[in-house]
Each structure stands twice: as structure tokens, then as C-alpha cells.
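Notes follow once the structure below has been shown.
What follows draws every value from the coordinates through simple rules; no lab data is involved. Keep in mind it's a predicted model, so treat the numbers as computed, not measured. In this analysis, Cβ positions are derived from the backbone assuming ideal geometry, glycine residues included, and neighbour counts consider all displayed protein chains.
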Amino acid sequence: MSQNHLETPEDLLRFKLRVAMTMEEDSLAALGELAEAAQTADIKKLFRHHADETREQIENLKKVFQLLEVPESSAPSPATKGISKHAESLIQRSAPELRDQITLSAALGNEHYEMAAYEGLILPVTAMGATDALKLLQDNCDQEIHTSEELSTRLRELLGV
């Protein structure tokens, strides 16, 4: 498979799996930055907890590579880089009182992207009948959904909504 030219559904799946690895690695780095920028201990703790989950998700992806007999590698993930750059820009220009809101919002945006990315992997893996790989991808997606709900709840509490 050429990285620049995708010809088959299998090529696309392999590429999207490689992008997912980069996505999770980028997310892990961003969670450290968000935890550092957050102002309150409970939000810092939320980011550290999700970093632990992200490490598990990376391990799950490594297993998916093995199960699908795809060489483990990564591919560019411009979306996660953009989400991180946007968050960094907002953090740099904001008053400390806004940092919890900004970090939660940035993390929420990233979670939604990750949920969509996993859906894009789950459907073709389902069609392949690769049930072991499917379970790992679904576990990752379920964690992303749960984290999204946690972030939304905490953001609503912060805003008094």
C-alpha cells in the first residue's frame, strides 16, 4: 500500500488505523498540556485519568494491528494537530479564570473527533468479521464516549448550565 494512494478498502482501513495511532499519541501529549493548563485539581485529575485510558487505547490499537496483520506504524493526523494548536492558542491568550473552560472544551472537541475516527474503523472491521479487533476498537470508542460525557458534565457544572 502506498501512503499517498489508496486503491482498495483494505488500503483505506490500514491508513485509517495508522492515523488512529497518531491520533492517540497526539491526544496523550495534549492531555499532559491540558492538565498543566487547567486551574482546578479535579479537572487536572480528569485529564490524568484520561491519559491513562489513552495509554490503554494505544495498546489496544497495537493489538488490532497484530490481529489484522498490518505492520504497526502511524500516519499524519492533521485534525488532532489542529485541535491541539487551537487549544494552545486559546490558553496562551486567556485569563487564568478561563483555562478550565478552555481545556474542557478543547478536550471535548478532540473526543468527538476520536469517536468519529473509531466509528470509521469499526464499520469496515465489522464487515470483515474480525471480531477480536472489533472488540478492541469498540472498547476504545466506548471509552471516548464515556470521556466525552464526563467532559460535558464537568463543563456544564463549571458554566452553571
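Along each principal axis of its Cα atoms, how long is the stretch 1-72 end to end? Whole angstroms, biggest number first, please.
Projected onto the principal axes, the Cα atoms of the stretch 1-72 cover 48, 23, 14 Å.
Answer with one residue from 94, 146, 161: the one whose Cα lies farthest towards the positive end of the charge dipole of the chain, charges on Cβ with Lys, Arg +1 and Asp, Glu -1.
94
Using a Gaussian network for the chain with springs between C-alpha atoms less than 10 Å apart, which of these wobbles most: 24, 69, 150?
69
What is the local net charge at residue 122, summed over the other residues whose Cβ is closer than 14 Å to its Cβ (Lys, Arg +1; Asp, Glu -1)?
Net local charge, residue 122 excluded: -4.
Return a single number: how many Lys pairs in the stretch 9-159, at a sequence separation of 8 or more or on separate chains, have alpha-carbon atoms below 16 angstrom apart.
5
Once you charge only the Cβ atoms, +1 for Lys and Arg and -1 for Asp and Glu, what is the size of the charge dipole of the chain about its Cα centre, to the nearest 20 debye?
With Lys and Arg at +1 and Asp and Glu at -1, about 360 debye.
What's the FRET efficiency of residue 93 with residue 153 using the Cβ-Cβ distance as r and R₀ = 22 Å, to the nearest 0.05?
0.25
Taking every pair of distinct Cα atoms and averaging 1/r, then inverting, what Kirkwood hydrodynamic radius in Å comes out for the chain?
Value: 16.3 Å, from the Cα pair sum.
Please give, to one decimal in nm, the separation of the simple spin-label points placed at residue 62 and residue 48, each 7 Å out from Cα toward the Cβ.
2.3 nm
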